[in-house]
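Below is one structure; the comments refer to it alone.
The values are calculated or read from the model by the stated rules, or taken from the named source; none is laboratory data. Keep in mind that what you see is a predicted model, and the values were worked out from it rather than measured. Quick reminder, even Gly has a Cβ in these numbers, built from the backbone with ideal geometry, and neighbours come from all protein chains shown. We work out accessible area using only protein heavy atoms, side chains counted, and drop any ligands, DNA or RNA first. Shrake-Rupley method; radii C 1.70, N 1.55, O 1.52, S 1.80 Å.
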Amino acid sequence: MNDISTSADIQQLVETFYSELVIDPLIGKFFEGLDLAHHLPRIRAFWEMILLGQPGYTTNVTEVHLKLHQRIPMERAHFDRWLELFRGTVDRLFSGPNAEEAKLRALSIATVMLVKVQQT
């Protein structure tokens, strides 16, 4: 398996990951009605910034999740499942330093978002 090293790799990761999220029995409800055609390019830009150092992501990720939490409360189990699915997707598709970095960053993101939503 190759490492995550190109925008095409990020696209594959994000599209594969979201195809699982939207049908997941525990967290799929958070993605109901979401315009994936609009959302996925933003998510790709986020991971391209994190893993490839590319500019272009400008959305406040915390604000987005706080608004979502107001609509549908998020709990630890939701973040744990998100992380489980993310790690599984990375492990199925990629291997290498950036793949490991993606999983570490995902853990950090899930932890910070959980803390933020619990504070509201």
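Quick notes on this one:
- In order along the stretch 58-74, phi translates into HN-Hα couplings of 10, 6, 7, 5, 5, 4, 4, 6, 5, 5, 5, 4, 5, 7, 9, x, 9 Hz, rounded to whole numbers, per the Karplus curve 6.51 cos²θ - 1.76 cosθ + 1.60 with θ = phi - 60° and x for Gly and Pro.
- With every protein chain in place, the chain: carbon and sulfur % of accessible area (1.4 Å): 53 percent
- Per residue, in Å², the accessible surface of the chain once ligands and nucleic acids are set aside, probe 1.4 Å: 57 Å²
- Database remark: amide H of Ser95 closer than 5 angstrom to the amide H of Asn2, Asp3, Ile4 (H placed geometrically; neighbours at sequence offset of 5 or more, or on other chains; Pro and chain starts carry no H).
- His69 sits among other residues whose Cβ lies under 14 Å from its own Cβ, and their net charge, with Lys and Arg +1 and Asp and Glu -1, is +3.
- Applying the Karplus relation 6.51 cos²θ - 1.76 cosθ + 1.60 with θ = phi - 60° to the stretch 3-8 yields 3J(HN,Hα) values of 7, 7, 9, 9, 4, 5 Hz, where x marks Gly and Pro.
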